[in-house]
1. Is one or more of the residues making up the range A:165-174 in contact with an Asp or Glu (Cβ under 7 Å, 6 or more places away or on another chain) and of a type outside the set (Phe, Trp, Tyr)?
2. So which of A:306, A:228, A:245 ends up being assigned to a strand (DSSP E or B) and within 23 Å of residue A:386 (Cα to Cα)?
3. Considering each of B:133, B:98, B:74 in turn, give the residue that is within 14 Å of another protein chain (Cβ to nearest Cβ), in a helix (DSSP H, G or I), at pLDDT 95 or above and buried (at least 19 other Cβ atoms within 10 Å of the Cβ).
4. What's the number of the condition residue A:181 fails, among (1) assigned to a strand (DSSP E or B); (2) under 26 Å from the mean Cα position of the chain (by Cα)?
5. Suppose the filter is within 30 Å of residue A:468 (Cβ to Cβ) and loosely packed, with under 12 Cβ neighbours inside 10 Å; does residue A:24 pass it?
6. Being assigned to a helix (DSSP H, G or I) and surrounded by fewer than 21 Cβ atoms within 10 Å (Cβ to Cβ) is the filter; apply it to the range B:80-92 and report the residue that is farthest from the other protein chains (Cβ to nearest Cβ).
7. Looking only at the range B:42-71, how many residues end up being surrounded by 19 or more Cβ atoms within 10 Å (Cβ to Cβ) and either within 11 Å of chain A (Cβ to nearest Cβ) or of a type outside the set (A, V, I, L, M, F, W, C) (or both)?
Amino acid sequence: MKNKKNNLFNLSRRDMLKSLAGIPLLGSVWFAGAKTTVDAKREREFLLEKLNIKASPPPATGPMSGSPVRLGIIGFGIRGEQLCRALGFATTEWLAEMKEATERNRHDTRLAEFMDQENLNVKMTAVCDVFDVNAERVVRSFSTPDNPVKRFATHRELINSGTVDAVIIATPDHWHAPMAIDALQAGLHVYIEKPMTHNISETYALRDAVHESGKVLQVGHQHRQTQSFLAAMDVIAKKTLGHVSLVQTNTNRNDDNGAWQYDIHEKASPETIDWNLFLGTAPKVPFNKEHFFRWRKWWAYGSGLSGDLLTHDYDRINCILKMGIPKLVTASGGIYTHRDGRNVPDVLQVNMEYPDFSTGSSQPEGKEKGMTFVYSATLGNQFDRPTYLMGHDATMELGNVISIYADARSTRYADMLKEDRIDPEIPIYQYNPMGNATDAVTSATAKYFANKGLLWTYRDGKRVDSTFLHMREWLSCIRNGGNPSCGIQEGFEEAISAHMAGLSYKLNRAIEWDAEAQKIIAKPGEDLDAILIADQEKVMA
Amino acid sequence: MKTTGFTAGQNASLVLLRVLIGWHFFYEGILKIYNPAWTAKGYLLSATFLQPFFRWLAGDSIIQWVDTLNIVGLLAVGAALLLGLKIRWAALGGMLLLAFYYVAHPPFPGFEQGLTEGSYWIVNKNLIELAALVVLYQFPIYASFGIENLFSRKSDNAITE
């Protein structure tokens, strides 16, 4: 002890200073680092406080208690199988495949996520599918000793069997509305896939059926459950973007599956498929496996890009902006990437005009009003084009993640831009509900849907199947009351807008909506329904 | 005690190297400690080499420890080098941290590089800083500009053993 002290005192003043010279350096670095971080945080908080965007998750839907809801599935194809999984019913084949996938790659969490899914307290009691193989898969996989699943030959038999409280409709488009109307009239609740209808008149008929029955109808636009979209609604409510004059949405796919070239089942034959029942009201043609499995390629059963994929993007934006049915729609495109006998376009550009719509303005009153919604699609390129909502004050990039960039010429942010507190190149707001979660998304189509918030969303940083949440909401409305987020009004707007786009494409002209009469304007003597579902690419007036 | 036999210039160069590395480590530690949202999770999950190990480190149960140890390590190594205290221990600790950073995202041919401000092939700045710490470990100059100087009876140009 004494020795050390002596050492200390023995140092010269110069040596002493040199020894301690690190201390002020350390202090300076400390101060600089702390100041940088704290200043940046303060700027961030200042901006967030100014924007005041709430990104809180929606309140959970009601309890799943009470007696089980008895469900019937009508149409157990690709989508029907996915819907059943969201309800907690997986086929034996899928479970085996997932088990193998998990053994191959332990980061594959699909099986674990399915097993973790909340029990929705439902019973699958009935199935109707015109293809024996599909119907038998349901009976074999979902039947339990105390609850055998019964197969019905037609949807009417299923609906009137007294064994179901609600139905899920995942058939080709031309069967959606007739089945939904029959079910509602029989007092059943309905979950119906998009597009809600295949022609114009049945859109009105279905709306009437919902109102008259008082039953719950949910249209399968599950992205309404996406957490980022709920934050996006608040962005609009807070007038963060200023007046939005242009919305740009896209579909980019470049694979056969994405162009509806689905597999043709080896067991498909006139013996295993009830061909006449499949055709329904569609033109009578001889048995055709391709028409059956790839029905999305023909106007007679499907509705191509305008009904199948435009509706996703239209409803995503309608959910946020609530802009409703456009005043005017123009569409053009062609069959440019898959000239395989289909008659729906594979490249399609749609412009929807909303001359009276506004998201609010930061400029003198009356200067800004009106918006164009653009949908641009190709099935021959999969370059990822984000969805943009473009306002005078800011641009919002919308997906599972939200990014907002202030516009360099914004009125609302002019002061902050001038003071260099905002950089137009750096987002003023970013919302990522994924937090640190990483996803093992594999296929190109899955990635495409995931980016649009169509596959899954996040609750408390945990990945959740959005279809599951959408189904849960529907079941909660059945049990506890309330309105589903994509009910008949939303479905009506979706269907009419999509049909206007289809008509514009087929007729090579702008299609107008009469908001007062609630009707699409037809030329004298023109049968718009016949034109829309006519099984040909174009209809020349 | 033995003198290093270095010239004043050689001595000053080693001290300069020590102070600069200490500065860098300490600043990185301070930025992280003042930013509660900071986590190494992204860096670990995006590792391009030895992924199972780094993914394990990024796991929910461990990541908090990894983050804390990293910050404490950066601050301790940085402060020690800046102040001139326990230089050899600090150099070893710094080497260990840099080895982790290097191995998680090594600039090997064919490995994805992510965002870098320069071009690297096998050798990058983490590796060079690591090598600089090897030098400091071999030549831990305490004399002049260092607190350790106060506690030992050493004159200028001394090296501790």
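1. Among the residues of the range A:165-174, at least one is in contact with an Asp or Glu (Cβ under 7 Å, 6 or more places away or on another chain) and of a type outside the set (Phe, Trp, Tyr), which makes the answer yes.
2. Of A:306, A:228, A:245, the one residue that is assigned to a strand (DSSP E or B) and within 23 Å of residue A:386 (Cα to Cα) is A:245.
3. That would be B:74, the only listed residue that is within 14 Å of another protein chain (Cβ to nearest Cβ), in a helix (DSSP H, G or I), at pLDDT 95 or above and buried (at least 19 other Cβ atoms within 10 Å of the Cβ).
4. That leaves (1) as the condition not met.
5. no
6. Checked the range B:80-92; the qualifying residue farthest from the other protein chains (Cβ to nearest Cβ) is B:92.
7. Result for the range B:42-71: 3.
Okay, residues lined up against (1) within 27 Å of the chain's Cα centre (by Cα); (2) among the hydrophobic types (A, V, I, L, M, F, W, C):
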{"position": "A:113", "(1), (2)": "yes, no"}
{"position": "A:126", "(1), (2)": "no, yes"}
{"position": "A:139", "(1), (2)": "no, yes"}
{"position": "A:147", "(1), (2)": "no, no"}
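The values are calculated or read from the model by the stated rules, or taken from the named source; none is laboratory data. All values derive from a computational prediction rather than experimental measurement. In this analysis, Cβ positions are derived from the backbone assuming ideal geometry, glycine residues included, and neighbour counts consider all displayed protein chains.
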